[in-house]
Each structure stands twice: as structure tokens, then as C-alpha cells.
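To start, the structure under review is shown below, and the notes come after it.
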Amino acid sequence: MDGESEYLFRHALVRDAAYQLLPPRSRAVLHRAALEVLQSLLPGDAHALSLADHAARAALHLPEQAAELGRRELELLVRAAAYAEREFRNAEALAASQRIRNHAQATEAERIAALMQAGFVLRGMGHRTECTALWVEARARAQAAKDMGTALRAMGALADMDAEDGRIEQAEHAYREVIRAAEAAGKHALVGTAWGSLGSMYRNIGRMDEAEKAYNKAIEIARRHDTERAVGIRLGNLGLLLLDTGRPEQAEAAMREALRIARDAGNRRSEHLVLGNLAIVLDRLGRHDEAETALRACITMAEQIESWPLAAAARGNLAKHLLRRKRYTEAEQEFDLALPLLRRSGNRRHEGFALAGLADLHFRLGRLDESERVARQGLEIAHEIRNPHSAAALRGLLAVLRAARGDPDGARPDLETAVQDLLDQRDEPAALAIREDFNQACALARRWA
């Protein structure tokens, strides 16, 4: 142990010993004084959790002030939980949420809100089972308390999980029930949120016209009845759809507005997501250096805030970018980093995307057996989560592989079906790319024969 570390260790021991020598009431008075001074000196919510600690410790030995201090602790915990969630300080967010739920003075509404918030944090961390359990509990308690708004929010969150897991009919029914009930109750913001979620589900399963209508409905409602943050989220979603349907310039405009809103609000989670999506748009527009800069910024941001699911998704997107730029060694390194993180977080959708990219990489490096093995893994996930776009792209790749092995005539029907499926989903660039790969594979097969 060096001298500085030894000094710091002894200093901590002396501090703790001196603290324990103080009578309990004297300690409580000092905590109360610290609360008053620090709260006046430290505006904002960055220190709300430590201020809540001072309030809690003061309340322990100041019984005549316990009720007032307890309420202040609770108010600070609510602020701390919201701040920590925004900043991806997940451990702090979960700790504050747990304290709210256990607080003697918390109302049932505050406890239910804390359950919902903890669920969203756990979902961002990839803990799907735990977040689902919290939302189920929140829905039941909200229904018992006749809190229609929170019950519908929980129902929508659970529908999101159904959609991600491929239970499409169940999710669609739940979203439409939320819309119907929220409209009847005059809860316009919830109506907009449900339309936005429905749009995302439609987009993920290739129902693009329905998705666009749902997104535009969600944006219209958000502009009239919700926050700027809600507008930004829905613009970002619409931007992805515009990109998928061959309108990259419009997609960039939507993404730029969404990014401005996220940065103006200081919302790092939204900024991260929009920046990653903007990178995809820039790549499609041929501005590859800008796209790579944005993707690397996403990875750095996600790692700084210890959001490994977001970091994994960003690495997968960077790997696909590097693959398109024919930087195959770097792309393979990024796929190798992304896939274990995606599997650990349970993000099956992005795992499927990464496997599709890795299969394509193996094909371009001439590893036909590896390409087929990985493509079939990706196709299994695409069917599992009902993602027709990924399924079509992977069936197209398998047809290309069959042609490369010398059976172009046998592969052609599968190729034509895959191309038509992509065209039906209005992704002409992907359809043309697969057809070009097929033609090249046929030429190679003839040369090898």
C-alpha cells in the first residue's frame, strides 16, 4: 500500500470513528443542517439521492421533525429516481425506486409509479423477466386503486414486450384496447403513445403503410397534447420508416429535428437512440464518415452510462457499417463484441440483425459453410419474432449461397420470393443488392465449374 492510499484509508477510519462518537441526536441535527445548506447550494437533481440520505438520517433521531423530514426524503427520492433514469445511472435509479416503494409515507400512487419506473430501467438493462413482473404488479395495483392512466401505461408496456417477443395478435389487441380506453378517458398523451408503439410493431413486421399512418397519428397527437420529448421520439421512429421505404432525405430531416429536441431536453437516452438512427440514414445517403463518427459516439455514450444493451446494439450497427465499407476485419471484431452482449441482454431482434450481418460477412470472405450456419440461426430468430424483413433478406442470402455452390436453378425460386418480399416491404435497395449478389454467385459458380 503506498503512502497516499494508506493516508486516505486512515482518514476514513478517523472520520467514521469521530462520527460514531457523536450522540445520535447531535448527528441528526448535523444531518438536518447539511440538508438545508447543501440543498441551497446544489440546485437541480444530480445530488438528490445524497440529500435524501441526509433527510433520512436526520429523521431517525429527531422524532418531532420526522414527518416533515420523511416527506422531504420522499420528494428527493422521486427526483433522484427520475434523474438517474435520464442519465442511465441504473443502480441509483433502482435504489431510489426501491426506497420509494418501501417508504412509510409513500402513497399508493407513488409506489405504483416507482414500480413502473423500475420496470423501464430494468428493460433498458435487458432484464426482461424482472421488468415484466414489475409491470404486471403495477397494472394490478393501479386497477385496484382505480388509477386508469397508470393501468393503461402498464398495459402498453406489457404490449411492447409481447410485440418484441413476436406475439403480434396479442400485442395489437392490447394497443387498440389502450387507445380505446384512453380516448374514452380523455388521456390524449396515452393515446399518442399507443399509436406510436403500434406503428413500431407494424414497421417491424413489414406492414409499412399501416406503420406510417400510425406514426403520423402519434406525432399529430403529441404536438397537440404531449411534450416535446414525445414529439422527438415519434419523429425518430418515423425517420426510420422513411428510410426503410426509400426516402432518406425526408428521414434525415425527421431525425435532425428529433436530435435537436433530445439535446434541448438534456435527454441522453433519446439522444443516443436518435444519433444511432441518424447514422443509418447518413450511411444510406453516402455520407459514410459522418455515419461512422455518429456510431462511435453512440458506443462511447452507452459505455459511459453503462447501458450494455444500447452499447451492444450500437456495436452491431457499427459492424454492419464497416461491412458495407468492406472493412471486413474491423467488422468481424465488432460483431464478436456485439453478439455476446446482445445474447446476455436478451435482445433477440438486434441479435438477429447482427447474425444477418455476420452471415453476409462470412459470405463475402468465402466462408460459405459458416455463412449458411449463421444465416440459419438468424432466420430462426426472424421467424421467432416475426420479422419478415430480416427473414426475406436471410432467405435471399441462403439462395445466393446455394447458387455459389453450383445450383443456381434450384436457388432461383427462393431468390425471387425473397426479392419480391423485400419489394412488397418497399425496400428496393435491399432487393437489388440481393439480386446482384445472386448474379455474381452464379458467375463464380460457372467459373469454378
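The values are calculated or read from the model by the stated rules, or taken from the named source; none is laboratory data. What you see is a predicted model; the values in this text were computed from it and never measured. Neighbour counts run over all protein chains shown; Cβ positions are idealised from the backbone, glycine included.
A compact table of results
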{"item": "Hits in the range 402-420 - residues which are touching a residue at least 40 places away in the same chain (Cβ under 8 Å) and either part of a helix (DSSP H, G or I) or of a type in the set (Gly, Ala, Ser) (or both)", "result": "Ala403, Ala404, Gly406"}
{"item": "Selection count where residues are crowded, with 19+ Cβ neighbours inside 10 Å and either without any contact (Cβ under 8 Å) to a residue 12 or more places away in the chain or of a type in the set (Gly, Ala, Ser) (or both), scope the range 128-162", "result": "7"}
{"item": "Set Glu228, Glu252: member being acidic (Asp, Glu) and either touching a residue at least 60 places away in the same chain (Cβ under 8 Å) or more than 22 Å from His321 (Cα to Cα) (or both)", "result": "Glu228"}
{"item": "Qualifying residue in the range 125-133 (condition: touching a Gly at 6+ places or on another chain (Cβ under 7 Å), in a helix (DSSP H, G or I) and among the hydrophobic types (A, V, I, L, M, F, W, C))", "result": "yes"}
{"item": "Where a residue in the range 179-202 is assigned to a helix (DSSP H, G or I) and its partner, wherever it lies, is modelled with pLDDT of 95 or more and basic (Lys, Arg), with Cβ under 6 Å and at least six apart", "result": "Trp195/Lys217"}
{"item": "Filtered residues of the range 322-367 (kept if part of a loop (DSSP other than H, G, I, E, B), touching a residue at least 60 places away in the same chain (Cβ under 8 Å) and surrounded by fewer than 21 Cβ atoms within 10 Å (Cβ to Cβ))", "result": "Gly346"}
{"item": "Meets criteria (out of contact with any strand residue (DSSP E or B) (no Cβ under 6 Å at 6 or more places or on another chain) and in a helix (DSSP H, G or I)) for Gly206", "result": "no"}
{"item": "Any helices (runs of 4 or more DSSP H) falling wholly within the range 236-317 and containing at least 3 residues that are more than 19 Å from the chain's Cα centre (by Cα) and modelled with pLDDT of 95 or more", "result": "248-265, 288-304"}
{"item": "Identity of the residue in the range 23-60, part of a helix (DSSP H, G or I), among the charged types (D, E, K, R) and within 20 Å of Val78 (Cα to Cα), that ends up farthest from the chain's Cα centre (by Cα)", "result": "Arg32"}
{"item": "Failed item in (1) surrounded by fewer than 21 Cβ atoms within 10 Å (Cβ to Cβ); (2) within 23 Å of the chain's Cα centre (by Cα), with Arg180 passing the rest", "result": "(2)"}
{"item": "Test: Arg176 is free of Cβ contacts under 8 Å to residues at least 40 places away in the same chain, in contact with a Ser or Thr (Cβ under 9 Å, 6 or more places away or on another chain) and of a type in the set (Lys, Arg)", "result": "no"}
{"item": "Candidate set: the range 267-299, residues that are in contact (Cβ under 8 Å) with a residue 60 or more places away in the chain and of a type in the set (Lys, Arg); chosen: the one farthest from Val231 (Cα to Cα)", "result": "Arg284"}
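A quick yes/no check of all residues on (1) more than 20 Å from Met161 (Cα to Cα); (2) surrounded by 21 or more Cβ atoms within 10 Å (Cβ to Cβ); (3) hydroxyl-bearing (Ser, Thr, Tyr):
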| site | (1), (2), (3) |
| --- | --- |
| Gln39 | yes, no, no |
| Gly44 | yes, no, no |
| Ala48 | yes, yes, no |
| Ala81 | yes, yes, no |
| Glu92 | yes, no, no |
| Gln105 | yes, no, no |
| Glu110 | yes, no, no |
| Gln117 | no, yes, no |
